[in-house]
Amino acid sequence: MNMDAFNNNDSDILDAIEKNTDFLLFTHCYPDGDGLGSILSFYKMLKNLNKNVYAVCSSEMPYQYKFLSNSEVIIRSIEDINDNKKYISVFLDCADSARIKIDYEAVAIKSEKIINIDHHMSNTYFGDINIVFPDKSATCEIVYLLFKKYFNEKIDRDIAEALYTGILTDTGKFQYSNTTKEVHKIISDLLEYEINPSRIYSCIYENEPAGRFRLLAIVFKRSRILKSNNLIYSYIKMKDFNRLNLPFSANDGIIEILRTAKDIKVAALFKEVKKNIYKVSLRSSDESVNVASVAEIFGGGGHKMASAYVAEGDLKKSVAELDKAISNNH
């Protein structure tokens with residue numbers, strides 16, 4: 001494993017960790033396994049180093065990840081922190097500062113320094129210290145390399161489990177092209193901490209409420225294929241989540257099923273978060289289609305084969321705009 005993968009900024013983050021006591025950790029709204037794995041592994045590492053630390057995420061904890069140790073410590077707002085301290089703020093798995101959906105100015109006022117650790121090629125390098133490696137499979141891979149290099153003796157089972165979770169999910173269960181030989185070496189090392197891969201897999205992928213299957217039926221029934229770009233899309237309305245008594249996180253993984261359709265180049269799932277405001281997940285099954293570039297047109301971003309953005313307005317119009325954007329970026 002390449003412990004020299006970092007640029008010179010990793011010595012700056014080491015200095016920030018060693019010389020400070022108070023830390024704020026953030027990950028993006030609607031968190032996935034990598035966002036939660038990176039924030040919870042960082043939380044536990046800082047606790048192991050006897051630091052004062054708060055973990056913050058503006059969205060509710062997805063049921064798939066409640067098995068992770070310390071998941072209950074995550075708070076929804078910095079307003080819950082009533083003090084006048086200055087913190088070292090660490091953003092994890094955030095391509096830009098807006099992704100936390102928390103007033104960035106309020107965070108900046110409370111921050112002595114902002115550290116940005118991420119693997120999205122669309123990252124805006126908004127931190128005072130930026131540890132950004134788009135070639136890494138997951139933010140958890142970057143966090144692992146950092147911990148291995150400087151705090152190896154402080155890595156424990158909780159940290160290993162969180163890091164494993166982030167890498168497992170962001171590599172699509174080790175199926176995506178970002179699953180390198182380095183990834184497998186890291187996983188081998190994490191297994192030394194006696195984590196239970198079958199339990200982790202079951203909690204994430206075999207823990208669905210009954211209503212989720214009805215949601216799948218709705219998504220599949222609504223799916224449409226636009227031949228112009230071999231685009232398959234579907235959508236979920238807020239009323240679907242409410243009627244089935246499902247949290248928003250119940251949509252997790254559905255886009256991956258859509259992308260398995262034969263001869264499809266792009267899959268899109270429109271998920272309504274407010275009236276006529278949709279969080280759009282994109283997946284590409286064709287190397288010639290860079291969905292990160294498509295998402296950036298709409299103010300989003302991500303990776304070449306997986307990205308997301310927010311669409312506002314009429315669904316039919318949003319689909320047409322997406323189809324046109326794919327045509328222009330093909």
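Summary table
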{"item": "Test set (1) touching a residue at least 60 places away in the same chain (Cβ under 8 Å); (2) among the β-branched types (V, I, T); (3) not in a helix (DSSP H, G or I) - I159 fails condition number", "result": "(3)"}
{"item": "Residue among S284, S249 that alone is within 18 Å of Q175 (Cα to Cα), open to solvent by less than 30 Å² (accessible area, probe 1.4 Å) and touching a helix residue (DSSP H, G or I) at 6+ places or on another chain (Cβ under 8 Å)", "result": "S284"}
{"item": "Failed item, numbered, when E60 is tested on (1) open to solvent by 40 Å² or more (accessible area, probe 1.4 Å); (2) at pLDDT 95 or above; (3) under 26 Å from R199 (Cα atoms); (4) not polar (S, T, N, Q)", "result": "(2)"}
{"item": "Of all residues in the range 135-156 being part of a helix (DSSP H, G or I) and aromatic (F, W, Y), the one that is farthest from the chain's Cα centre (by Cα)", "result": "Y150"}
{"item": "Hits in the range 73-101 - residues which are touching a residue at least 12 places away in the same chain (Cβ under 8 Å), of a type outside the set (D, E, K, R) and assigned to a helix (DSSP H, G or I)", "result": "V73, I78, S97, I100"}
{"item": "Index of the failed condition, K304 passing every other in (1) in contact with a helix residue (DSSP H, G or I) (Cβ under 8 Å, 6 or more places away or on another chain); (2) open to solvent by less than 40 Å² (accessible area, probe 1.4 Å); (3) at pLDDT below 95; (4) at negative phi", "result": "(2)"}
{"item": "Residue that is open to solvent by 30 Å² or more (accessible area, probe 1.4 Å), at pLDDT below 95, farther than 30 Å from P197 by Cβ and not β-branched (V, I, T), where the choices are D128, D96", "result": "D96"}
{"item": "Long-range neighbours under 6 Å by Cβ, at least six apart or interchain, first residue of a type in the set (D, E, K, R) within the range 292-316, second outside any loop (DSSP other than H, G, I, E, B)", "result": "K304/A292; E312/I277"}
{"item": "Test result for T165, crowded, with 17+ Cβ neighbours inside 10 Å and either among the small types (G, A, S) or under 25 Å from V291 (Cβ atoms) (or both)", "result": "yes"}
{"item": "Residue in the range 206-222 that is open to solvent by less than 50 Å² (accessible area, probe 1.4 Å), outside any helix (DSSP H, G or I) and of a type in the set (V, I, T) present", "result": "no"}
{"item": "Index of the failed condition, N2 passing every other in (1) open to solvent by 30 Å² or more (accessible area, probe 1.4 Å); (2) under 21 Å from I167 (Cβ atoms); (3) at pLDDT below 95; (4) part of a helix (DSSP H, G or I)", "result": "(4)"}
{"item": "Scan of the range 28-57 for residues that are surrounded by 20 or more Cβ atoms within 10 Å (Cβ to Cβ), assigned to a helix (DSSP H, G or I) and in contact (Cβ under 8 Å) with a residue 40 or more places away in the chain, ordered by number", "result": "G33, D34, G35, L36, G37, S38, I39, L40, S41, F42, K44, M45"}
{"item": "Test: residue in the range 168-183 that is open to solvent by 80 Å² or more (accessible area, probe 1.4 Å), touching a residue at least 12 places away in the same chain (Cβ under 8 Å), assigned to a helix (DSSP H, G or I) and over 24 Å from S307 (Cβ atoms)", "result": "no"}
{"item": "Members of the range 307-330 found to be among the hydroxyl-bearing types (S, T, Y), open to solvent by less than 40 Å² (accessible area, probe 1.4 Å) and over 18 Å from the mean Cα position of the chain (by Cα), listed by number", "result": "S318"}
{"item": "I131 being in a helix (DSSP H, G or I), farther than 30 Å from L269 by Cα and within 20 Å of the chain's Cα centre (by Cα)", "result": "no"}
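Rundown of residues vs (1) charged (D, E, K, R); (2) closer than 19 Å to A320 by Cα; (3) more than 22 Å from the chain's Cα centre (by Cα), yes/no style:
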| residue | (1), (2), (3) |
| --- | --- |
| F213 | no, no, yes |
| F220 | no, no, yes |
| Y235 | no, yes, no |
| N251 | no, no, no |
| A292 | no, yes, no |
| G302 | no, no, no |
| M305 | no, no, no |
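A quick yes/no check of all residues on (1) of a type outside the set (S, T, Y); (2) part of a helix (DSSP H, G or I); (3) surrounded by 19 or more Cβ atoms within 10 Å (Cβ to Cβ):
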{"residue": "N229", "(1), (2), (3)": "yes, no, yes"}
{"residue": "Y233", "(1), (2), (3)": "no, no, yes"}
{"residue": "N242", "(1), (2), (3)": "yes, yes, no"}
{"residue": "N245", "(1), (2), (3)": "yes, no, no"}
{"residue": "A261", "(1), (2), (3)": "yes, no, no"}
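The values are calculated or read from the model by the stated rules, or taken from the named source; none is laboratory data. Bear in mind that the values here come from a model prediction, so they are computed numbers and not experimental data. When we count neighbours, we look across all protein chains shown, and the Cβ atoms used for this are built from the backbone with ideal geometry, even at glycine. Only protein heavy atoms, including side chains, enter the accessible area calculation; ligands, DNA and RNA are left aside. Shrake-Rupley method; radii C 1.70, N 1.55, O 1.52, S 1.80 Å.
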